[in-house]
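**Q** Take this structure, written in structure tokens, and hold onto it; I'll ask about it next.
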Amino acid sequence: METSILIFLPLVAGLISFLLPDNRAKQFAFVAALAEFAYSLVLLLQFNPQETLAYATSVPWVKSMGISFSVGMDGISILLVMLTTFLIPLIILSSFRRTFANSNYFYGLVLIMQSALVGVFVARDAFLFYVFWELALIPIYFIALIWGGENRKKITFKFFVYTLAGSLLMLVAIIYLYLQTPNGSFDINQFYAVGSTLSSTDQALVFVAFFLAFAIKMPIFPFHTWQPDTYTVTPAQGTMLLSGIMLKMGIYGVIRWILPLVPEAAHTYGMPAIILSVIGIIYASIIAIKQKDFKRLIAYVSIAHVGLIAAGIFTLGEESLQGGIIQMLSHGINVVGLFFVIDVLFDRTKTLELSSLGGIRNVAPFFTVTFIILLFSSIALPFTGGFPGEFLLFVGIFQYNPWIAAVAGVSVILGAVYMLSSFQKIMLGETNNLTSGFADLFTSEKLVLIPIIILIFWMGIYPDTFLEISGPAVKALIKGTGTSLSLK
Amino acid sequence: MLQLAWLIPVLPLIGFLIIGLANKKLPKAVVGFVGCGSILGSFAIVLTLLTEVLNGTIQSETLTYFNWISAGSLDIKLSFLIDPLSVTMMTIITGVGFLIHLYSAGYMSHDEGFARYFAYLNLFVFSMLILVMGSNFLVLFAGWEGVGLCSYLLIGFWFKNNDYNNAAKKAFIMNRIGDLGFLLGMLLIIVTFGSLEYSAVFEQAQTIFKPGVAQPVLIAITLLLFLGATGKSAQIPLYTWLPDAMAGPTPVSALIHAATMVTAGIYMIVRSNVLFSLAPFTLEVIEIIGLTTALFAATIGLVQNDIKKVLAYSTVSQLGYMFFALGMGAYSTAIFHVATHAFFKALLFLGAGSVIHAMSGEQDIRSMGGLWKKLPITFATFIIGTVAIAGIPPFAGFFSKDEILAHAYEHSPILWALGVLGALMTTFYMFRLVFLTFFGSFRGTEHQKSHLHESPLIMTIPLMVLAVLSIIGGFVGVPEVLGGHNFLKSFLSPIIAPINQHTGHALSHSTELMLMGISVGAVLLVIIIAAIVYISKKAVPSPEGSDLSAPHKVLYNKYYIDEIYRTLVVKPLYWLGDIFYKVFEIRIIDNFVNAWGKGVDRGSAGLRFLQNGSISFYMFAMVIGIILILFFNTIIKL
């Protein structure tokens, strides 16, 4: 019941928003998102991490085909749901000083998107998962298409088709698995039971089908070329949705729908997946160094960061799985902060060309401080949110293979190069015509960034709050796969 | 006092928060008071802890506060270790740190970024204390990165100047190269020992590994950790950021880039001496790198004309001596030199700051001269610092440097001779600096001349205190031959690996005295030479742009190392960025993806062609189909 409310509250609110007058939608959406956050927080406070499945509901949906509306949360799900419910109000708030034409549709789509995202993180039925997975694509497609920037038609079309093609493969795999279940069911536990009994070849095929869907979504090198264009062209709030939450669908998918489903294949084909991820880390970092547009630069940085998470998760180590989960939260919060910084920059100067900016630190101290904190969190300075996850991921990858860890580790240096260089170009030096009148953050903008900064320090100083919630679920998951590496 | 130990780093943190959050709303006096007061408070607590450690009430105490990062079997706590080594470092950090804060209140009083400056400086002291107080490698690493951040912020303190910003960026990035080594070293420690806690790691290392047997894992761990140290402590190959770091305000150079942060690498190695002692190969590497850096940097220092650059290369060189000592297994000697160097180098930098302050920002010693009359206190204290670094008894530097040289002689007379050579170069460039700055006649502009003045008391008091410490600081380590019993060495002995305890140098007293005599005599001779060149002959280094002899030119341009790094590392990286983006990304990968789209497009165009509405075409297709079916049927039956 509780989980269903989390799904339907934003869906209903989104539909209501469509009907509202243009000038009311903003406030309405914000209140609805806050209510959703408050409710999820209540659920979190009552959540017992030891429970395998909390707040579960299962009602038959299409009985003849064994499809049921089956939802529930373990420690991993609830953290990602919290990430969603925490970020959506901030994303809505971040748009308060912007005006969108037909904003009732805009905010309606954001809320429907939230519904689908929550659905992906809580679905316990493969068909339902697939439905939410595809549902999440539709609002963001329209957000990018209607409110996007230059060249949006071509870019969003590519984004749509590319990700859809990936998911179709997943659909084939889902149907295949469904046919293998003894009494025709899409239930996750039945899938798990069937998956591990498949022959090696069949496991491999299922692995590839799911992997492609998830790899495109995250994205992992070389399936990433839709991403920089899409991030750049989408309006800021859309980019926040894509990078802050939506890409976590892919990582979550790996954790929920690959590792326990086809453990043997995950073990065998983990290595190529890890190698692709690590190539992506270095490749994207080096490309980021040469980017001239700050938004596109951060898009590439996101590929690098996600690559590290993916590599860590495929090692199947407990430390790196935990690290991957906390890093999903930290990356989500951080990247939304960074894209908001970008939005503020664009709002004031109408450009994101690094070479035309500069000197903003002279005129906007509050903005500077938040930018510095986000910057150093994204390069994983200890006591900021980026550190515990990155460290644990490295622990896992190093145990798996020290050389791969050493290569991935080069990103520690490259991260400093691109972040400090762009900070210098945007913020330091003397002001110019574009930046001399740069207005410091307004109250509504501060209200977006302050919660983000509080969480950055919370996650950096006392990550145990979050690690404890996902810990038992991760242990159970590893036990299920039976192929864990662990420390002596 | 153990229950108050947490306050030692937290007081400066609170200072940082108060100053940082209030930013410009607080009057400068309050900012200065909070900034200095918080450090003084920490210093007071450190002193009580120090007495308790000295009188044996505390031997080695671990204070655990909370679980920091725990996942799987990894359980890392935020905890502090109070023992002789950490207390020694804490005393230096808060003591010298307080004096430099005090000095800064005068030095920075006209700067509009006064509050920001003190916020950063307090954050630095917090991070540095975390670094030395942590009871495991990860807490050390947290402090390590924290001081790197503060160093970055303070080098680029005057952020309108992009040269300074570049220097700050360079410092951070070069440090990160070392940090990757440190990180990988920690990961290897985790995989090998299952923990990052010092006590657990060192205990296991001593039981698992036996000395004298080659230990690839330990060699790898220690080399990786040492790579981290070369970044933070500015050793070959990662030293080039430190001279550039002089872009920051001069008190910052004194505190961060001379007295404390740059010694973090030495602290880290001494802390992990159990591991290093089990990896003699690494020790040899450290010994060679340390000595090479000491000599290499000293040669560059001989010809620099910027007062801070001379001191910067001197710092790189002195750090080299400390690593040289570490490489010979003389851990407590290295800490001894850390301490005395903290006193005299902080003194020299602050003195330089006083000179720069008086010269209205001028840093070129070619434009100085004869300043002793106008800046008597600065002059007197600067002389004391110079004599101390030159190693003339009984000043502080003599004892620590002599101990290093004695160890060197025991290893090989050649090492000793090279060590002495470095000391002579040090003496020469330091006295060259003193003579050009304070003696002779004034060579600056009239405007500068009219502004010359001694600094206010708030700046000269720290100078005087540090001068006293530079005189007496060496008495904590007087060798037996001179009637002492090397107190510092026995104080630190509990944290030194047992297998290493015997490696005190075993020279006979007569040899030791003779070596001392030779080195002191040579130093005095070099002072006389420098005096002849720069006082009697009134030589002034040639102005910018004049023809230099080839070797002089190479030294003046610092062996072109920056240019070499630019060509070998920076440019290829940018080139790779272009290639990846323009070729791989756009031409290959994205083209491939788009080709799929086009393929589908063309494919469907082809399929559409099949449904052309022509009955005869359909008939023809049907016939072909039937033939094929029959054909395959036949094949299957066969």
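The values are calculated or read from the model by the stated rules, or taken from the named source; none is laboratory data. From a predicted model like this one, the values you see are computed outputs, not experimental measurements. Positions of Cβ are generated from backbone atoms using ideal geometry, with glycine treated the same way; all protein chains shown enter the neighbour counts. Note: areas computed on protein heavy atoms with side chains; ligands, DNA, RNA excluded. Shrake-Rupley method; radii C 1.70, N 1.55, O 1.52, S 1.80 Å.
**Q** Between B:I461 and B:K28, how many nm apart are label points set 7 Å from Cα along the C-beta direction?
**A** Modelled inter-label distance: 1.7 nm.
**Q** Another question about this same structure. Expressed as a whole percent, how much of the Cα-Cα distance distribution for region B:276-326 exceeds 15 Å?
**A** Details: 578 of 1275 pairs.
The calculated P(r) of region B:276-326 puts 45 percent of pairs beyond 15 Å.
**Q** How large a share of the accessible area of chain B, in percent, is made up of carbon and sulfur atoms when the probe is 1.4 Å and the other protein chains stay in place?
**A** 70
**Q** Inverting the mean 1/r over all pairs of different Cα atoms, compute the Kirkwood radius of region B:1-133 and quote it in Å.
**A** For region B:1-133, inverting the mean 1/r across all distinct Cα pairs yields 15.5 Å.
**Q** Moving to a separate point now. Taking a 18 Å limit on the Cα-Cα distance, which of the listed pairs B:K169/B:K232; B:K345/B:K449; A:K290/B:K571; B:K169/B:K571 fall beyond it?
**A** B:K345/B:K449
**Q** With heavy atoms of protein chains only and a 1.4 Å probe, what residues of region A:409-447 have at least 50 Å² less accessible area in the full set of chains than alone?
**A** With the partner chains in place, region A:409-447 has these residues losing at least 50 Å²: A:V412, A:I413, A:L420, A:Q424, A:G429.
**Q** Another question, then. Filter A:K158/B:K582; A:K26/A:K248; A:K248/A:K475 down to the pairs with a C-alpha to C-alpha distance above 22 Å, please.
**A** Values: A:K158/B:K582 20 Å; A:K26/A:K248 26 Å; A:K248/A:K475 20 Å.
Too far apart for the 22 Å limit: A:K26/A:K248.
**Q** State, in angstrom, two size descriptors of the protein assembly as shown derived from its alpha carbons: Rg to one decimal place and Dmax to the nearest whole number.
**A** So, for the protein assembly as shown, Rg and Dmax equal 32.8, 118 Å respectively.
**Q** Between A:F69 and residues 5 or more places away or on another chain, which pairs have amide H atoms under 5 Å apart, with H built 1.01 Å from N, and which residues are they?
**A** A:V59, A:W61
**Q** Whole number in Å², please: accessible area per residue of the protein assembly as shown, 1.4 Å probe, ligands, DNA and RNA not counted.
**A** 35
**Q** Working only with C-alpha atoms, what are the Rg and Dmax values of region B:396-494, expressed in angstrom?
**A** Here Rg and the maximum Cα pair distance are 19.2, 59 Å.
**Q** With all pairs of different alpha carbon atoms counted, what Kirkwood hydrodynamic radius in Å does region A:107-218 show?
**A** 15.2
**Q** Next question, about the same structure. Using the scaling law 2.2 N^0.38 Å as the reference, what is the normalised Cα Rg of region A:298-371?
**A** 1.43
**Q** Could you tell me the largest-minus-smallest coordinate of the C-alpha atoms of region A:44-180 on each of the three principal axes, in descending order and whole angstroms?
**A** On the principal axes, region A:44-180 reaches 46, 39, 22 Å in Cα extent.
**Q** OK, next. Quick one: which residues, 5 or more positions from A:A54 or on another chain, have an amide H under 5 Å from its amide H? H modelled 1.01 Å from N in the peptide plane, none for Pro or chain starts.
**A** Those lying under 5 Å, H to H, from A:A54 are A:M73, A:D74.
**Q** What does the convex hull of the Cα atoms come to per residue for region B:572-632, in Å³? List each step's numbers first, then the result.
**A** On the way: hull volume 5.9 nm³, N = 61.
Spelled out: Cα convex hull of region B:572-632, divided by residues, is 96 Å³.
**Q** Something else about it: Translational diffusion coefficient, Stokes-Einstein: compute it for region B:232-357 using the Kirkwood radius over C-alpha pairs as Rh, at 4 °C and 1.567 mPa s, and state it as an integer in µm² s⁻¹. Intermediate results must be reported in sequence, preceding the final value.
**A** Values: Rh = 14.4 Å.
Once the numbers are plugged in, D ends up at 90 µm²/s.
**Q** Another one. Note down, for region A:160-294, the three equivalent ellipsoid semi-axes (square root of 5 times each alpha carbon gyration tensor eigenvalue), biggest first, whole angstrom.
**A** Details: eigenvalues 193, 56, 23 Å².
Here the semi-axes work out to 31, 17, 11 Å.
**Q** Could I ask something else about it? Give the Rg/Rh ratio for chain B, taking Rg as the radius of gyration of the Cα atoms and Rh as the Kirkwood radius, to two decimals.
**A** 1.15
**Q** Based on DSSP loop calls and a cut-off of at most 10 other Cβ atoms within 10 Å, the longest stretch of chain B free of exposed GluC sites (Glu not before Pro) is what?
**A** Answer - B:113-543.
**Q** What are the equivalent ellipsoid semi-axes of region B:488-570, built from the alpha-carbon gyration tensor (square roots of five times its eigenvalues), in whole angstrom, biggest first?
**A** Over the Cα atoms of region B:488-570, the ellipsoid semi-axes are 41, 28, 11 Å.
**Q** Distance from the Cα centre of region A:122-169 to that of region A:271-329, in angstrom?
**A** Using only Cα atoms, the two centres lie 22 Å from each other.
**Q** Okay, moving on. Can you list the HN-Hα couplings for region B:56-70, worked out from phi with the Karplus curve (6.51, -1.76, 1.60; θ = phi - 60°), rounded to whole Hz and with x for Gly and Pro?
**A** Karplus values, whole Hz, x for Gly and Pro: x, 4, 10, 9, 8, 10, 9, 10, 9, 9, 7, 5, 8, 10, 10.
**Q** Which number do you get for Rg(Cα) / (2.2 N^0.38 Å) in region B:490-638?
**A** For region B:490-638, the normalised Cα radius of gyration is 2.90.
**Q** Okay, moving on. Let me confirm one metric for peptide B:70-81, namely the mean number of other chain beta-carbon atoms within 10 Å of its residues' beta-carbons.
**A** Going residue by residue through B:70-81 and averaging, the value is 6.
**Q** Note down the Stokes-Einstein diffusion coefficient of region B:527-615 in µm²/s, whole number, using a Kirkwood radius over alpha carbon pairs, 4 °C, and 1.567 mPa s.
**A** Diffusion coefficient, whole number: 64 µm²/s.
**Q** On to the next question. Using only Cα atoms and rounding to the nearest 10 degrees, what angle (0 to 90) does helix B:457-472 make with the longest principal axis of chain B?
**A** With rounding to tens, the tilt is 80 degrees.
**Q** Can you give the percent of C-alpha pairs in region B:597-637 whose distance is more than 12 Å? Walk me through the intermediate numbers first.
**A** Numbers: 565 of 820 pairs.
So the pairs more than 12 Å apart make up 69 percent of the total in region B:597-637.
**Q** Also, quick follow-up: Calculate log10 I(q)/I(0) of chain A for q = 0.07 Å⁻¹, where I(q) comes from the Debye formula with a single equal point scatterer on each Cα and nothing for solvent.
**A** Rounded to two decimals, the profile gives -0.33.
**Q** Check each residue of region B:575-595 and keep those whose accessible area, probe 1.4 Å, is at least 50 Å² smaller with all protein chains in place than in the chain alone; give them in order of residue number.
**A** Residues of region B:575-595 that lose at least 50 Å² of accessible area once the other chains are added: B:F580, B:Y581, B:E585, B:I589, B:V593.
**Q** Summing both sides, how much accessible area is buried between B and A? Use a 1.4 Å probe and give Å² to the nearest 100.
**A** Numbers: alone 27090 and 17910 Å², together 39780 Å².
Summing both chains' loss of accessible area gives about 5200 Å².
**Q** Also, I was wondering about something else. Go through region A:329-339 residue by residue and turn each phi into a ³J(HN,Hα) via Karplus (6.51, -1.76, 1.60, θ = phi - 60°); whole Hz please, and just put x for glycine and proline.
**A** So the J values, rounded to whole Hz, are 5, 5, 5, x, 5, 5, 6, 5, x, 5, 5.
**Q** Would you be so kind as to list the residues of region B:168-189 that have their accessible area lowered by at least 40 Å² in the full protein complex compared with their chain by itself (1.4 Å probe)?
**A** Those are B:K169, B:F172, B:I173, B:R176, B:L180, B:L183, B:L184, B:L187, which lose 40 Å² or more relative to the chain on its own.
**Q** Within chain A, what is the longest stretch that has no GluC sites (Glu not before Pro) placed in a DSSP loop and near at most 14 other beta-carbon atoms within 10 Å?
**A** Formally, the longest exposed-site-free interval is A:151-429.
**Q** Let me ask something additional. Once phi is turned into θ = phi - 60°, what whole-Hz ³J(HN,Hα) does the Karplus curve with 6.51, -1.76 and 1.60 give for every residue of region B:480-492, x standing for Gly and Pro?
**A** 4, 4, 9, x, x, 9, 6, 4, 4, 4, 6, 5, 7
**Q** Could you list the square roots of 5 times each eigenvalue of the Cα gyration tensor of region A:1-117, that is, the equivalent ellipsoid semi-axes, sorted largest first and rounded to whole Å? All intermediate terms of the calculation are to be shown ahead of the outcome.
**A** Values: eigenvalues 161, 64, 18 Å².
One finds semi-axes of 28, 18, 10 Å for region A:1-117.
**Q** Taking a ≥ b ≥ c as the square roots of the Cα gyration tensor eigenvalues, with a/c under 1.5 meaning rounded and otherwise prolate when a/b beats b/c, else oblate, which class fits region B:457-529?
**A** It comes out oblate by the Cα gyration axes.
**Q** Would you compute, from DSSP H runs of 4+ residues alone, the mean residue ellipticity of the protein assembly as shown at 222 nm, taking -39500 (n - 2.57) per run and dividing by the full residue count, rounded to the nearest 500?
**A** Numbers: 47 runs with 776 residues, N = 1126.
Calculated mean residue ellipticity at 222 nm is -23000 deg cm²/dmol.
**Q** In addition: Which whole number gives the average, over all residues in A:360-373, of C-beta atoms from other chains lying within 10 Å of the residue C-beta?
**A** 1
**Q** Angle between the Cα long axis of helix A:126-135 and the longest principal axis of chain A, 0 to 90 degrees, nearest 10?
**A** 20
**Q** Under 22 Å Cα-Cα from B:K210, which lysines qualify once same-chain neighbours fewer than 8 residues away are excluded?
**A** Leaving aside lysines fewer than 8 places away in the same chain, those within reach of B:K210 are A:K488.
**Q** I need the fraction of alpha carbon pairs in region B:243-297 separated by more than 15 Å, rounded to a whole percent.
**A** Across region B:243-297, Cα pairs with separations above 15 Å total 62 percent.
**Q** Which cross-chain or sequence-distant (5 or more) residues have an amide H under 5 Å from the amide H of B:W6, H modelled 1.01 Å from N in plane?
**A** none
**Q** Over the alpha-carbon set of region B:6-57, work out the extent along each principal axis and list the three values in angstrom, largest first.
**A** Largest first, region B:6-57 extends 46, 18, 6 Å along its Cα principal axes.
**Q** In Å and from the alpha-carbon atoms only, list the Rg and Dmax of region A:411-474.
**A** So, for region A:411-474, Rg and Dmax equal 17.8, 55 Å respectively.
**Q** Calculate the translational D of region B:382-444 in whole µm² s⁻¹ from Stokes-Einstein, where the hydrodynamic radius comes from the Kirkwood formula applied to all Cα pairs, the temperature is 20 °C and the viscosity 1.002 mPa s. Please report the intermediate quantities before stating the final value.
**A** Working: Rh = 12.7 Å.
Stokes-Einstein gives a translational diffusion coefficient of 169 µm²/s.
**Q** Please give the helix A:263-289 orientation as an angle from the longest Cα principal axis of chain A, in degrees from 0 to 90, rounded to the nearest 10.
**A** Helix A:263-289 sits at roughly 10 degrees to that axis.
**Q** A further question on this structure: Run a plain Debye calculation on region A:356-422 (Cα atoms as equal point scatterers, no solvent) and give log10 I(q)/I(0) at q = 0.18 Å⁻¹, rounded to two decimals, same order as the q list.
**A** Values, matching the q order: -0.74.
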